[in-house]
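Read-outs: derived from the displayed coordinates by stated rules, not from any lab. The structure presented is a predicted model; accordingly, all values stated were derived computationally and were not measured. We place every Cβ from the backbone using ideal geometry, glycine too, and count neighbours over all the protein chains shown.
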Amino acid sequence: MKNMDNIKEAMYYDIIETDKVHCYLCPHNCIIKPGMLGACRARKNIGGRLYSLNYGKVTSVALDPIEKKPLYRFYPGSLILSAGTFGCNLKCSFCQNWTIAHEEADTRDITPSWLVEQAELLKDRGNIGIAYTYNEPSIWYEFVYETAGLAKKKGLANVLVTNGFISKQPLRELLPFIDAMNIDVKSYTNEFYKNICKANLENVKETVETAAGACHVEVTTLVIPGLNDSTEEIGEIARWLASISPEIPLHLSRFFPNYKMQDRPPTPKDTLYRARDEARKYLKHVYLGNIW
Ligand code: SF4
């Protein structure tokens, strides 16, 4: 068991029966018995209470170009201090960050005030704030919430790079601190979300719609041959985004075989060009990623 000094009691859970807990941070709504982990591997029932195991634990901290998030229309040309931990609440077989999302990764301990201090020190090198990224930040909620609150008071921007699979209440309570988000919309079919990611499309759509009313939002779709690469499906994503706002940037990213999805080639460039042409019928800003 981890040292109790290094872990934090979780937000958004109820104690049910005598020692089981119900976590409602994300739509999985895990019921967790004592000694067991949630589906994200980042929250554990210890003695009938739920704890965040990744609070203050980072796998990576780096000063990245904002375009790497990707955010192309939020302080272009700037840098952002980027931090991530371990765990994920989705199970995408094509995961591009599987070593930190689904494996045991080395971590080091930091505090919210340390991260904010580093972000401030880096301002004169062009840093605009903190990006919570690399793995899924919504399951790092307690650390992100505290850090984002401190950062906001110092005039720093907060950015989330997320799969959007978070419950409404925690999302609404975090949004006042968040300046920009890049949200993955991995497909426009629930079948894809259910079979390949063990999640569902509706919750992700709700996150995009709620976030777009509160902060700057850009969306990323990884275009995977044979799974979500039809012109029709890309058109559906673009049409739906345009119904929220045609100004929402869409990043269509090239797939490369990774993790458990090794059975298909990288996305042909022609597929991406066709997808971009289709999306541009509805949206003003469509970009291709990982193409060069
Ligand atoms: S955050 Fe983790 S423990 Fe909580 S409901 Fe989601 S997957 Fe389950």
Going from the fewest other Cβ atoms within 10 Å to the most, one would list D184, D124 as D124, D184
Relative contact order for the chain: what percent, with Cα pairs under 8 Å and sequence separation of 6 or more?
14
Give me the distance between the Cα centres of segment 147-188 and segment 66-140, rounded to whole Å.
12
Considering the options H28, N135, L252, tell which one lies farthest towards the positive end of the dipole of the chain, charges being +1 on Lys and Arg and -1 on Asp and Glu at the Cβ, about the Cα centre.
L252
Would you mind calculating the gained length between I291 and E120 on full extension (0.36 nm times residue separation, minus the Cα-Cα distance), in nm to one decimal?
58.2 nm
Beyond 28 Å (Cα-Cα) in this structure, taken from K68/K91; K123/K168; K57/K152; K44/K198; K91/K123, we find K123/K168; K91/K123
Looking only at segment 50-161, where both bridge partners belong to it, what percent of the DSSP beta bridges are antiparallel (to the nearest 5)?
50
So if I take the alpha carbon set of the chain, get Rg, then get Rh from the Kirkwood formula, what is the Rg over Rh ratio?
0.96
Pop out the ³J(HN,Hα) list for segment 21-34 in order, Karplus 6.51 cos²θ - 1.76 cosθ + 1.60 with θ = phi - 60°, rounded to Hz; leave Gly and Pro as x.
10, 10, 8, 10, 5, 10, x, 5, 6, 5, 9, 10, 7, x
Proxy reagent accessibility, fewest Cβ within 10 Å first, across E278, E232:
E232, E278
Residues of segment 126-149 with backbone N under 14 Å of the label point set 7 Å from the Cα of S78 along Cα→Cβ are 126-132
Phi-derived 3J(HN,Hα) across segment 99-111 with the Karplus relation (6.51, -1.76, 1.60, θ = phi - 60°), rounded Hz, x for Gly and Pro, is 5, 9, 7, 10, 10, 6, 10, 5, 10, 10, 8, 9, 10
Rounded to the nearest 5, the percent of DSSP beta bridges in the chain running antiparallel is 45
Just flag the trypsin sites (Lys or Arg not before Pro) in segment 188-292 sitting in loop per DSSP whose Cβ has no more than 14 other Cβ atoms within 10 Å.
K260, R280, K281, K284
